[in-house]
């Protein structure tokens, strides 16, 4: 077996993802269904027009793998998570970086917005989940209790 045998088929390069130099990690529909956001090993996230397949925005700013891109409920913002231990918030129309959220002590795997878009929860390789106030950038830990071991 090779390393390739352990890479999920969905993260292998595929046609239609022109513009990437690394594997694609995630894909998410915008709330209105008109755009897609992707994240990649090449340290970028991209916003695509879902109908034409054209790249609308390339989000650069992370210095390591980008694991996830999550749309805010209103579709105005994107949050990206990275191996560089940070979370970045972006204007989903212009691609402007709005804020960097620092505090995790390991790679940040995923993000989820609160239903009202005021908070963001992020999960990290440091085995902690943080809740961020997206306006202030302040974070708190979400206490997680489990009777079974968690593997990351």
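Figures for the structure shown
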item: Residue 59 being outside any loop (DSSP other than H, G, I, E, B), closer than 17 Å to residue 134 by Cα and modelled with pLDDT of 95 or more; result: no
item: Number of positions in region 47-81 that are closer than 18 Å to residue 108 by Cα and buried (at least 21 other Cβ atoms within 10 Å of the Cβ); result: 13
item: Every pair of residues 6+ apart whose Cβ atoms lie under 6 Å, when the first sits in region 22-37 and is at negative phi and crowded, with 16+ Cβ neighbours inside 10 Å while the second is in a loop (DSSP other than H, G, I, E, B) and modelled with pLDDT under 95; result: 23/41; 24/17; 35/50; 36/50
item: Single residue of 91, 84 found to be surrounded by fewer than 22 Cβ atoms within 10 Å (Cβ to Cβ) and more than 19 Å from residue 42 (Cβ to Cβ); result: 91
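Yes/no matrix, rows are residues, columns are (1) more than 20 Å from residue 138 (Cβ to Cβ); (2) modelled with pLDDT under 95:
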| site | (1), (2) |
| --- | --- |
| 36 | yes, no |
| 52 | yes, yes |
| 72 | no, no |
| 93 | yes, no |
| 98 | no, no |
| 104 | no, yes |
| 114 | no, no |
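The values are calculated or read from the model by the stated rules, or taken from the named source; none is laboratory data. Note that the structure is predicted; figures quoted are calculated from it, not measured. Positions of Cβ are generated from backbone atoms using ideal geometry, with glycine treated the same way; all protein chains shown enter the neighbour counts.
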